[in-house]
Amino acid sequence: MKEGIHPQDYRFVVFKDMSNGYSFLSRSTAQSKETIVWEDGKEYPLVKVEISNTSHPFFTGKKVLVDTTGRIEKFRKRYQKADQAAAPEEAEKPKAARKK
């Protein structure tokens with residue numbers, strides 16, 4: 001291993017899974033402006049994560065991942081509008097022009 005490339009400032013940090021509220025204490029170099037009082041009564045930096053081993057489909061056995069940001073719905077709406085806009089143009093063309 002190369003010397004001098006690994007961080008030296010490991011400290012205890014609480015990670016909180018925002019999808020299900022699960023929290024765990026671990027050592028990390030992750031920076032955070034928020035803090036939380038842990039079960040032992042001490043205050044630790046808080047790092048919020050969207051997914052952890054308690055909510056990830058691989059670890060839970062669930063096949064479907066819940067989309068928390070609504071990306072799928074946005075995608076469907078965007079392309080549904082494009083399909084609807086193209087449909088009237090297609091209807092206006094003569095049958096001979098549609099076959100090409």
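Work out the FRET efficiency for D9 and K74 from their Cβ-Cβ distance, taking R0 = 35 Å, and round it to the nearest 0.05.
For R0 = 35 Å, the calculated efficiency reads 0.35.
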Between Y22 and residues 5 or more places away or on another chain, which pairs have amide H atoms under 5 Å apart, with H built 1.01 Å from N, and which residues are they? D17
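Mind ranking 70-78, 22-30, 44-52 by how tightly packed they are, going by the mean number of other C-beta atoms within 10 angstrom, highest first?
Most protected by this proxy first, the peptides run 44-52, 22-30, 70-78.
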Show the residues, 5+ positions off or on another chain, whose built amide H is closer than 5 Å to the amide H of I36. Y44, L46
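Coordinate-derived values only; no laboratory data. All of these numbers come straight from a predicted model, not from anything done at the bench. Every residue, glycine as well, gets a Cβ built from its backbone with ideal geometry; the counts of neighbours run over all protein chains shown.
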